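A.B. asks: Starting off with a structure, shown below.
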Amino acid sequence: MKTLVRNVGVLVSGDIRRPVLDADSLVLRDGVIVGVGRGLDEDADTVVDAHGTTVIPGLIDSHVHPVFGDFTPRQRTVDFIDSGLHGGVTTAISAGEVHLPGRPRDVVGLKALAIVAAKAYASFRPGGVKVEAGAPILELGLTEADFAEMAAAGVKLVGEIGLGSVRTGHDAAPMVRWAKQHGMTVTIHTGGPSIAGSNPITAEIVLEARPHVVGHINGGTTSMAPAEIERLVATDMALEIVQCGNARTALYTLRAAIDAGATERIIVGNDAPSGTGVIPLGVLRTLSLLAALGGLAPAEAVACATGNTARVYRLNRGLIAEGREADLVVCDAPIGSVAPDALGALSVGDLPGVSMVLIDGRIAIGRSRNTPPAARAAEVVKGVGPLGTGH
């Protein structure tokens, strides 16, 4: 299966060090990007004319709380992951399946939940979205053997430390070491408690635990103080900014990261479903916040939700480059925007209109049902067209 995407106006790489590519065409074969250049005109099964619009890597939501399937009991909502697809999200990363009714807190139960979630979502893609799931919430009593068992069964993540009985750096540090030894990527809750039974986590606890990811550094939803944020920006850990957090400290974190030359460590998530709700356009909204109010170049903001996150979670996607999985979003300034294109829309505070999303080189949707309509839309000029036409 070969797809050609041509007449791209702006091609955003997802690499924050080289955010815009000098190219206007992509060739995709068997789910992988195999060609990036100008004027590519290979024979293909499907040809997409981008009509001068912008192509970005599929967005990676770094902080999702799935349960099973595409249903969230927290908000009693079905198809919330599919709805995020219509906001350009092609990968969702679990920060813990914490909203499962009766979530087990004993060691045997939490291991079983993590293993079944990892295996279930490995075989099920809601709307086509790739869900990286199975993120155990750490409880006292776990041993290194437990981490080895989970890793052998396909668990690659550790959910937010602090949502269970492990709530101090002293208790967390050895478990983080074990998780790292077995190839897991670890995130930690920060700020005030998010749900009943969770715990406040300070910078001091994070520094002692040493996870990979400082979860919702701008609060989930209650933020740490600016001085604590500065201490964590000064580390080598990923700095996660979320939509369901504090907008003021999101911008504070961004400015601190810019000053420290650390924007390559910023990643972006929703932290939903949560009490704030289900926010299908939450990642796009956060990119607009960083670009329009934070002054981050919009293509660099996109990299925070694509290539930066892919690097942290060791995913072969998030970048537009040969050999990467062909997850792409075609978008433009929305109708009525003062901006000329999608990146300009982000910089003036508008949300881009999504006209097509491809996952593994296949068209998942046409015009988004959630974003405002794109001023210009991608068109299939050869082959099978999109499954949906939005509004």
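A.B. asks: Would you mind telling me which residue in I205, I320, I56 has the biggest mean-square fluctuation in a Gaussian network model of the chain, where springs connect alpha carbons within a distance under 10 angstrom?
C.D. replies: Result for the chain, Cα springs under 10 Å: I205 fluctuates most.
A.B. asks: Excluding ligands, DNA and RNA, what is the solvent-accessible area per residue of the chain at a probe of 1.4 Å, expressed in Å²?
C.D. replies: 36
A.B. asks: Using a Gaussian network model on the chain with a 10 Å cutoff between Cα atoms, which of R367, R125, R314 fluctuates the most?
C.D. replies: R314
A.B. asks: Of [x] 38; [y] 44; [z] 48, which is the value of percent of Cα pairs over 29 Å apart derived from the coordinates here?
C.D. replies: This structure yields the entry labelled [x].
A.B. asks: How high is the relative contact order of the chain, in percent, counting Cα pairs under 8 Å that sit 6 or more residues apart?
C.D. replies: 20
A.B. asks: Here's something else I'd like to know. Please give, to one decimal in nm, the separation of the simple spin-label points placed at R18 and L40, each 7 Å out from Cα toward the Cβ.
C.D. replies: Between R18 and L40, the label points sit 1.5 nm apart.
A.B. asks: Pairs on different chains or at least eight residues apart, Cα atoms closer than 14 Å: how many lysine pairs in the chain fit?
C.D. replies: So the count works out to 6.
A.B. asks: Please give, to one decimal in nm, the separation of the simple spin-label points placed at A152 and V108, each 7 Å out from Cα toward the Cβ.
C.D. replies: 1.8
A.B. asks: Which order do the peptides 96-107, 264-275, 21-32 take when ranked by the mean count of other beta-carbon atoms within 10 Å per residue, highest first?
C.D. replies: Averaged packing, sorted descending, gives the order 264-275, 21-32, 96-107.
A.B. asks: Further question: Using Cα pairs under 8 angstrom and six or more residues apart, how large is the relative contact order of region 228-370, in percent?
C.D. replies: The normalised contact order for region 228-370 reaches 18 percent.
A.B. asks: Pairwise over distinct Cα atoms, reciprocal of the mean inverse distance: report the Kirkwood radius of region 1-119 in Å, one decimal place.
C.D. replies: 17.1
A.B. asks: Moving on. Carbon and sulfur together cover what percent of the accessible area of region 80-154 at a 1.4 Å probe radius?
C.D. replies: 60
A.B. asks: Take peptides 278-285, 368-375, 132-139 and line them up by average Cβ neighbours within 10 Å, highest first, as a rough protection proxy.
C.D. replies: 132-139, 278-285, 368-375
A.B. asks: Take peptides 345-358, 75-88, 34-47 and line them up by average Cβ neighbours within 10 Å, highest first, as a rough protection proxy.
C.D. replies: Descending packing order for the listed peptides: 345-358, 75-88, 34-47.
A.B. asks: Just to confirm my numbers, what's the Cα centroid distance between region 351-382 and region 240-307 in Å?
C.D. replies: One Cα centre to the other: 23 Å.
A.B. asks: Comparing A225, A118, A303, which has the greatest mean-square fluctuation in the GNM of the chain with Cα pairs linked when under 10 Å apart?
C.D. replies: Result: A225 has the largest fluctuation of those listed.
The values are calculated or read from the model by the stated rules, or taken from the named source; none is laboratory data. Small disclaimer: the values here were computed from a predicted structure and weren't measured. Every residue, glycine as well, gets a Cβ built from its backbone with ideal geometry; the counts of neighbours run over all protein chains shown. These area figures cover heavy atoms from the full protein model, side chains too; ligands, DNA and RNA do not enter into them. Shrake-Rupley method; radii C 1.70, N 1.55, O 1.52, S 1.80 Å.
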